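Values quoted throughout were computed directly from the atomic coordinates according to the rules given, and no laboratory measurement underlies them. If you're wondering where the values come from, they're calculated on a predicted model, not measured in any experiment.
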Amino acid sequence: MDLPDIIQFFLHYGGHFLAPFAIGRIFWREHWWKAGLIMVAANAIDIDHLLADPIFDPGRCSIGFHPLHTGWAALAYAAMLAIPSWKWRALGLGCLWHLAVDSGDCLIQITGL
């Protein structure tokens, strides 16, 4: 593993499993820990990878390829932000954040950074 791969690894997994707690702290101070857990649970949208063949392809961009990683899915996640419950908003934001992190991976793959 060279340095760019190590950086991408930490950005990807830090984005999926650490950043949600920081985001939860920003938006839901009194529930930040629970909000962080809900946002981490939003990573469950990766279940759609099981529909692909092969299931895991390190060179494949998941955005636009997997059903829960499409623009239509993003609209549904954004709609969750309108639900007057911090838990649903945390889930919607967690799903959108997941798409943002995966988009960053795609950008790194495309540009070869």
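Enter the per residue convex hull volume of the chain, computed from alpha-carbon coordinates, in Å³ rounded to the nearest integer.
Working: hull volume 11.3 nm³, N = 113.
Spelled out: Cα convex hull of the chain, divided by residues, is 100 Å³.
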P(r) of the stretch 2-43 over all Cα-Cα pairs, 5 Å bins starting at 0, rounded to whole percent, reads 6, 27, 24, 17, 11, 9, 5, 1, 0
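What number, rounded to the nearest 500 deg cm²/dmol, is the helix-based mean residue ellipticity at 222 nm of the chain, given -39500 (n - 2.57) per DSSP H run of at least four residues and division by all its residues? Could you put the intermediate results ahead of the total?
Values: 5 runs with 70 residues, N = 113.
Rounded to the nearest 500, it is -20000 deg cm²/dmol.
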